[in-house]
Amino acid sequence: MNPRPRLLVNGKLPQAALEARLAETYDLHRLYEEAEPQAFLAAQGASFDGIVTSAPLGASAELIDALPRLKVIAGFGVGYEKYDEQAARRRGIRVSNTPDVLNDCVADLAFALLLDVARGVAASDRFVRRGEWLRRRFPIATRVSGKKLGILGMGRIGRAVARRAGGFGMEVGYCNTRPAADSPHACYATPLELARWCDFLVVTAAGGASTRHLVDAGVLDALGPHGFLINVARGSVVDEQALVLALVERRIAGAGLDVFADEPRVPEALFALDNVVLCPHIASGTEETRAAMADLVVENLHSFFTTGRLKTPVPWSAD
C-alpha cells in the first residue's frame, strides 16, 4: 500500500476547516507550529510531496529548495505573485490557485466601498455615534448612479464589477493589458487616460512586478478632486505614499481600500480621515466564498495526486 502523500502547511489558512479536511486524506504537517522551522525543514524537508499555502504567504524559492521531493503547491486565494515562478518552473512543480469562486464577493465589496466612500456611510455612522447630529447636519455627499466607472484590470473580477455598474446606470470604461474582445465597454490605452475620464477608478488588476505602482501620483492627479479610488486588488498596484498625500491634501475626493502595501500595517495618516474607508483585506471573506475556495484546494490536490493534472493551475503552470 502506498503511503499517503505528505503535505506541508506553511501558515494558518484563512479557512480553518480546510486543514482538518486535508488531514483526512493526506499526511499533513503544520510548519507554522514548529519552534525552529528551518531546522525542521533541514531534517524532514525531503519527505514532503506538496505545499498548501495562501496568496499572502505564497511559496518562496528558499522554501521550495528545502523540499527536494516537492511536486505540487496548492494555493488558497487567486493571487500568485508571491509564488517563486522560477524556482517552481525549474523543477517542474505544479502550482494552483482558486480563481472564479471569489469573483462575486470581491466585486460586491468593491461596490460596498464605492457606495460607502461616495455617500459617507461609515463617516455618517461615526457622526451619529459622536452625537454630532444634535448640533449640525452631516455634509452633502456624492451621487453614484449615472457616473463614469473606470476599471483597471478587466479580468474575471473586473467583469463582475462592470456587471454591477449596470444596475446603477453607470457608464463603464476600462484599461487592460490588451482589449477584451467580448467587452462592450470603451478601452483606454493607459491608466492615466482612464483616470482622466472616470469619476470612480476601481483597481482589480493582478499584483506583481508588472503592475507595481500602476496607479501613481500622475494617475491620482488625473482622477482629480472629484474622483474616487477603490482598491480591491493588491496594495502594490497603488503608490501608497502618493495616495496618502492625495487624500490628506484632498487632491482626490476619497478612497475605499481593502488592500495595503504592507499588510496588516496601514498608514496611520489615514486613520483620522473621513474621506477614506479602510477594510482589513476582507473581499473574499464570506462563509460561502471561503468554503468554495477550500473546496477548490481539495479538488486541485485530489486531481493532481490521481491524474497528475490540476483543476485550476496558475497561468504559468498550465499544461
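The values are calculated or read from the model by the stated rules, or taken from the named source; none is laboratory data. Keep in mind it's a predicted model, so treat the numbers as computed, not measured. Every residue, glycine among them, receives a Cβ derived from its backbone with ideal geometry; neighbour counts consider all protein chains shown.
Looking only at residues that are more than 18 Å from Val232 (Cβ to Cβ) and acidic (Asp, Glu) in segment 174-219, which one is modelled with the lowest pLDDT?
Within segment 174-219, the match that is modelled with the lowest pLDDT is Asp182.
Can you confirm whether segment 98-113 contains a residue that is under 14 Å from the mean Cα position of the chain (by Cα), among the charged types (D, E, K, R), more than 20 Å from Val237 (Cα to Cα) and in a loop (DSSP other than H, G, I, E, B)?
Within segment 98-113 (the criterion being under 14 Å from the mean Cα position of the chain (by Cα), among the charged types (D, E, K, R), more than 20 Å from Val237 (Cα to Cα) and in a loop (DSSP other than H, G, I, E, B)), the answer is yes, since at least one residue qualifies.
Filtering segment 126-156 down to residues that are hydrophobic (A, V, I, L, M, F, W, C) and under 16 Å from Cys187 (Cα atoms), which residue is surrounded by the fewest Cβ atoms within 10 Å (Cβ to Cβ)?
Met154
Sort out which residues of segment 280-296 are of a type in the set (A, V, I, L, M), under 14 Å from the mean Cα position of the chain (by Cα) and surrounded by fewer than 20 Cβ atoms within 10 Å (Cβ to Cβ), and write them in order of number.
Ile282
Can you pull out the residues in segment 19-63 that are within 20 Å of Arg91 (Cβ to Cβ) and charged (D, E, K, R)?
Once the filter is applied, which keeps residues that are within 20 Å of Arg91 (Cβ to Cβ) and charged (D, E, K, R), segment 19-63 yields Asp49, Glu62.
Could you grab me the full set of residues in segment 180-202 that are farther than 20 Å from Leu109 by Cα and either free of Cβ contacts under 8 Å to residues at least 12 places away in the same chain or not in a loop (DSSP other than H, G, I, E, B) (or both)?
Within segment 180-202, Ala181, Asp182, Pro184, Ala186, Cys187, Pro191, Leu192, Glu193, Leu194, Ala195, Arg196, Trp197 meet the criteria.
Filter segment 79-94 for residues that are over 16 Å from Asn10 (Cα atoms) and modelled with pLDDT under 95; which is nearest to the chain's Cα centre (by Cα)?
In this case the residue turns out to be Gly79.
Any residue in segment 109-125 that is surrounded by fewer than 19 Cβ atoms within 10 Å (Cβ to Cβ), at pLDDT 95 or above and either outside the structural domain of Phe168 (by TED's automatic domain parsing) or of a type in the set (Phe, Trp, Tyr) (or both)?
No; the residues of segment 109-125 include none that is surrounded by fewer than 19 Cβ atoms within 10 Å (Cβ to Cβ), at pLDDT 95 or above and either outside the structural domain of Phe168 (by TED's automatic domain parsing) or of a type in the set (Phe, Trp, Tyr) (or both).
Test Val172 against the criterion of being under 18 Å from Leu257 (Cα atoms) and of a type in the set (A, V, I, L, M, F, W, C), and give yes or no.
Answer is no for this residue.
Every residue in segment 125-146 that is among the β-branched types (Val, Ile, Thr) and part of a helix (DSSP H, G or I), please.
The answer is Val128, and nothing else.
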